[in-house]
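Right, one structure below, let's go through it.
The values are calculated or read from the model by the stated rules, or taken from the named source; none is laboratory data. Here the structure is a predicted model, which means the values were calculated and not measured. Cβ atoms come from the backbone with ideal geometry, glycine included; neighbour counts cover every protein chain shown. Side chains are part of the model used for accessible areas, which takes the heavy atoms of the whole protein and leaves out ligands, DNA and RNA. Shrake-Rupley method; radii C 1.70, N 1.55, O 1.52, S 1.80 Å.
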Amino acid sequence: MKSLILGRYFPNDSIIHRLDARAKLVAALYFIGLLFFIDHGLGYLFVGLFTLGVMYLTKIRLSVFIKGVRPLIFLILFAAMMRVLFTGGGEVFVSWGPFTISSQGLWVGLFTFMRFILIIFISTVLTLSTKPVDLTDAINALLKPLRKLGVPVDDFALMLSISLRFIPNLLDETQRVMDAQRARGVIFGEGTIVEQMKKLVPIVLPLFASSLNRAEEMADVMDVKNYQSGEKRTHFRQLTWHTSDSIALLMMVGLTAVVIVVNYTMV
Amino acid sequence: MTDQPLLSVCDISFRYDITQDVYALSAISFDLNRGESLAVIGDNGSGKSTLARLLTGLLSPEKGAIYLDGVELNEGSKKMLRRQMGIVFQNPDNQFIATSVEDDVAFGLENLNIPYEQMRSRVDEALELVDMYEYRTKDPSQLSGGQKQRVALAGVLALKPELMIFDEAFVMLDPMSRRSILETLRRIQSELNVSIISITHDRDEIEFFDSLLVLNQGERVMRGKPAEVFKQMSSLKPPFAEQLRRDLVDAGMDLPDYYMSESELVDTLCK
Amino acid sequence: MQINFNRVYADYQLGPIRSKNVVDGISLELAKNTFTAVVGHTGAGKSSLLKLLNGLLLPTDGEVSVGDLTIDKNGKKKTLNKVRKRVGMVFQFPERQLFAETVEQDIAFGPKNFGFSKEEITQLVDQSLKQVGLTPDILPKSPFSLSGGQKRRVAIAGIIATKPDVLVLDEPGAGLDPEGKQEILAMLRTLHDTHDSTTILVTHDMNDVVTYCDNVLVMEKGQVTTHQTVRGLFSNQNEIDRLGIGLPEPLRLQRLIEEHTGRVFPHVCLTQQELKDQLLEGAHL
């Protein structure tokens, strides 16, 4: 849990942190989509440099991003390997049964590898530089049109933000119950699988009881404060769009242009 | 404004299980005037928390009725009447809905569809009242229990209520934070002339209130000013100053033999 | 059992968040059979201090010893479990750790983990139930069906059932009504006196400190700012102001009267009885 970087917020004061969450979310999603249209090494070089530039602007150390990739590196290498082995074309170096290693295959493998790494880097930029609650607001804002179709967008957003809000409490509670049972002589991480499963009961049951209790009390509070699902409500948290946000989106357009040019001219 | 009381509780009864003859509250009546503060005291199982849930419409009485400003509290009027009252519950953690202090204070206002500009000023005002303005961007994990209860209080104040209810809201706090939040509350009450009901088992809270309602096993034992209540009910454990006064009288000191608040006792002793 | 802290440092870790030196070089000695209050503001490091006592938190430097057992940064599981058997720990709101189907099973959980025999366990359950003031008819009930005060007692019974030499209590009366709280604390004091145990009580309520404790230890920012007798601490108003701690009710009233008259009482009153006596002697006149 300690090593998981993707999905965590890293407070800092940078130009990227200050961007509007909606702009960042749209740009990140667009960027990821764009990655799938690049079919030339030069294109990857461009977006790769762009990504590094964005990472630099967050003022967060490179090692943090690398750490974010680490837990997934084997999966990525495996996927890239598969592409290498199953793609033919160009000069064939090795051929063994259904597997071939060809120049075309090596390029495709490299592209796959780059694509994954860049997806992780850019998502990490998004979550490291955006407060979870701002991200929730952004999702809420972007899903707004669905409200007309009867989708409970506000409920969904509130649910998401309450869950985020209670993660520290849940961690805390888990730690407390574990400590309490340890103090009563439970030794975790010892014994057979069945024994270990049994040891979970004294943790899970109290956690379950307290979570239920918490949910009930919160429902009361929301009820008394007149929260009603599906009712129109105003928002205290305001997302504000700055010129820099428009510029960020314009850069995406620029990047698209570069990709198109590279794709068509460098065949 | 008329002379009618702000809140009228008329003969309400409630039981959690209607197949059984155990009443959590039976035939409770009382009035509360504008600007008056009332402490509801009683031990665990006296029905005092049930009363809080009935007053806020989380439960409906089986018999009897509750009137706020002359309007009966029921499913239809609940939403409208809740604009005039707010409640702070016991557990500081479980009533903090939002991810930051100011968002949490705004939560009730958002539900009332109040425009942003007005929300902003009401939230700031409420936070100033409870001395939490500097903490407005903090998240709940950065606050102590007492500070969280102040935020909950601000959330209620932002609604500009006529009635504030506290359901054992201060019992989980340490004595110092409890005293200081009660002092804040007293100041706010005199500034805004709002009515307060505090449900509590803390005897030392009592001196902050105009009158007391004593419940025992779901029944009303008595209602009156602290002096009257402690004079008539010798079995009820009084606040510390009154305990001491009784002790001193028993030991033969020349003190008047009626209930005294802390400041009265100090004044009398120092004459 | 004697407890020693020898220049102990510790960090606090919750999920991904780590706070450095929440315990910042503490050395202290808690003598055998003492009843010590630990006071300090939220975040002063009280809970970390408690956790160090039974190896739920390991020091990053220095060592903690409980009797002849010592915990340092490489605390071995075997030693830790021995320490935990010695040190009974009643957490805040201990009823939140109840989980078993019956009260009996829940109380027996600790003794079972620490390897007591079946016969011993039955006896320990009965004994601890009596000590917390409950009757055996509660044993087959589900702990979740009990009232708040009963749950608290059952949880405490589950801790004292392992016969600890050291009892650590983190606000055992929190959230209970005044009578319930007094009963629990009085019961814990009796237990301390009859079993020659060493007791440590974390509390915010100075009335508890003066009523039940012999010594007091004040914490601030991970350090122990003072460790002395209860009377010693409250006799020194300057120190109380400096440490920012509250006063017990009798002393608070005494100070109010003194402020009013401008005359200082000859003695510091920690209990209602003392204040009454002083007033009868005319200390305020």
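Tabulated data
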quantity: The one condition in (1) modelled with pLDDT of 95 or more; (2) surrounded by fewer than 21 Cβ atoms within 10 Å (Cβ to Cβ) that B:L32 fails to fulfil; calculated: (2)
quantity: The lone exception for C:L275 - which of (1) within 9 Å of chain B (Cβ to nearest Cβ); (2) surrounded by fewer than 16 Cβ atoms within 10 Å (Cβ to Cβ); (3) of a type outside the set (F, W, Y) it fails; calculated: (2)
quantity: So C:K78, is it among the charged types (D, E, K, R), within 14 Å of chain A (Cβ to nearest Cβ) and under 25 Å from A:T174 (Cα atoms); calculated: yes
quantity: Qualifying helices (runs of 4 or more DSSP H) (wholly inside the range C:208-271; at least 3 residues being crowded, with 17+ Cβ neighbours inside 10 Å); calculated: C:230-234, C:249-261
quantity: Any hit, the range A:194-217, residues being more than 31 Å from the chain's Cα centre (by Cα) and within 21 Å of A:N140 (Cβ to Cβ); calculated: no
quantity: Unique residue being closer than 30 Å to C:A161 by Cβ, away from chain B (no Cβ under 14 Å), in contact with a helix residue (DSSP H, G or I) (Cβ under 7 Å, 6 or more places away or on another chain) and acidic (D, E) when the list is C:D214, C:D208, C:D196; calculated: C:D214
quantity: Test: residue in the range A:249-266 that is among the small types (G, A, S), free of Cβ contacts under 8 Å to residues at least 40 places away in the same chain, in the same structural domain as A:H40 (by TED's automatic domain parsing) and assigned to a helix (DSSP H, G or I); calculated: yes
quantity: Members of the range A:205-233 found to be of a type in the set (S, T, N, Q) and open to solvent by 30 Å² or more (accessible area, probe 1.4 Å), listed by number; calculated: A:S211, A:N213, A:Q228, A:S229
quantity: Residue count for the range B:131-146, restricted to those that are away from every other protein chain (no Cβ under 12 Å) and open to solvent by less than 40 Å² (accessible area, probe 1.4 Å); calculated: 1
quantity: Some residue of the range A:114-129 being over 30 Å from A:F156 (Cβ atoms) and outside any strand (DSSP E or B); calculated: yes
quantity: Residue check, A:F156 within 14 Å of chain C (Cβ to nearest Cβ) and either open to solvent by 40 Å² or more (accessible area, probe 1.4 Å) or in a helix (DSSP H, G or I) (or both); calculated: no
quantity: Within the range C:146-155, considering residues that are part of a helix (DSSP H, G or I) and within 12 Å of another protein chain (Cβ to nearest Cβ), the one surrounded by the fewest Cβ atoms within 10 Å (Cβ to Cβ); calculated: C:G148
quantity: Count - residues of the range B:35-76 that are open to solvent by less than 30 Å² (accessible area, probe 1.4 Å), among the aliphatic types (A, V, I, L, M) and away from chain A (no Cβ under 14 Å); calculated: 7
quantity: Flag if B:E102 is farther than 22 Å from A:L158 by Cβ, among the acidic types (D, E) and either touching a residue at least 12 places away in the same chain (Cβ under 8 Å) or not in a loop (DSSP other than H, G, I, E, B) (or both); calculated: no
quantity: Only listed residue being of a type in the set (G, A, S), open to solvent by less than 40 Å² (accessible area, probe 1.4 Å) and farther than 30 Å from A:I16 by Cβ, chosen from A:S102, A:S129, A:S123; calculated: A:S102
quantity: Given (1) crowded, with 17+ Cβ neighbours inside 10 Å; (2) more than 22 Å from B:T50 (Cβ to Cβ); (3) hydrophobic (A, V, I, L, M, F, W, C), number of the condition B:M80 does not satisfy; calculated: (1)
quantity: Of residues in the range C:99-133 being assigned to a loop (DSSP other than H, G, I, E, B) and touching a Ser or Thr at 6+ places or on another chain (Cβ under 9 Å), the one nearest to the other protein chains (Cβ to nearest Cβ); calculated: C:F114
quantity: Residue match in the range A:235-249 (condition: surrounded by 15 or more Cβ atoms within 10 Å (Cβ to Cβ), modelled with pLDDT under 90 and within 14 Å of chain C (Cβ to nearest Cβ)); calculated: no
quantity: Scan of the range B:182-197 for residues that are over 26 Å from B:E110 (Cα atoms) and within 13 Å of the chain's Cα centre (by Cα), ordered by number; calculated: B:L182, B:R186
quantity: Scan of the range C:33-66 for residues that are within 14 Å of chain B (Cβ to nearest Cβ) and not in a strand (DSSP E or B), ordered by number; calculated: C:G40, C:H41, C:T42, C:G43, C:A44, C:K46, C:S47
quantity: In the range B:239-269, the residues that are among the hydrophobic types (A, V, I, L, M, F, W, C), surrounded by 13 or more Cβ atoms within 10 Å (Cβ to Cβ) and at the interface with chain C (Cβ under 7 Å from one of its Cβ atoms); calculated: B:F240, B:A241, B:L244, B:L248, B:M253, B:V266, B:L269
quantity: Tally of residues being open to solvent by 10 Å² or more (accessible area, probe 1.4 Å), more than 7 Å from chain A (Cβ to nearest Cβ) and farther than 10 Å from A:F236 by Cα across the range B:99-117; calculated: 1
quantity: Contacts under 8 angstrom Cβ, first residue in the range A:52-69 being part of a loop (DSSP other than H, G, I, E, B), partner open to solvent by 90 Å² or more (accessible area, probe 1.4 Å), 6 or more apart; calculated: A:K59/A:D13
quantity: Flag if C:T203 is among the hydroxyl-bearing types (S, T, Y) and within 11 Å of another protein chain (Cβ to nearest Cβ); calculated: yes
quantity: Given (1) crowded, with 19+ Cβ neighbours inside 10 Å; (2) more than 17 Å from B:F107 (Cβ to Cβ); (3) within 12 Å of another protein chain (Cβ to nearest Cβ), index of the condition A:D137 fails; calculated: (2)
quantity: All positions within the range C:96-107 that are open to solvent by less than 40 Å² (accessible area, probe 1.4 Å) and either at pLDDT below 95 or in contact with a Phe, Trp or Tyr (Cβ under 9 Å, 6 or more places away or on another chain) (or both); calculated: C:Q97, C:L98, C:F99, C:A100, C:D106
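Rundown of residues vs (1) buried (at least 17 other Cβ atoms within 10 Å of the Cβ); (2) acidic (D, E); (3) out of contact with any Ser or Thr (no Cβ under 9 Å at 6 or more places or on another chain), yes/no style:
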| position | (1), (2), (3) |
| --- | --- |
| C:K32 | no, no, no |
| C:S47 | yes, no, yes |
| C:L50 | yes, no, yes |
| C:G55 | yes, no, no |
| C:D68 | no, yes, yes |
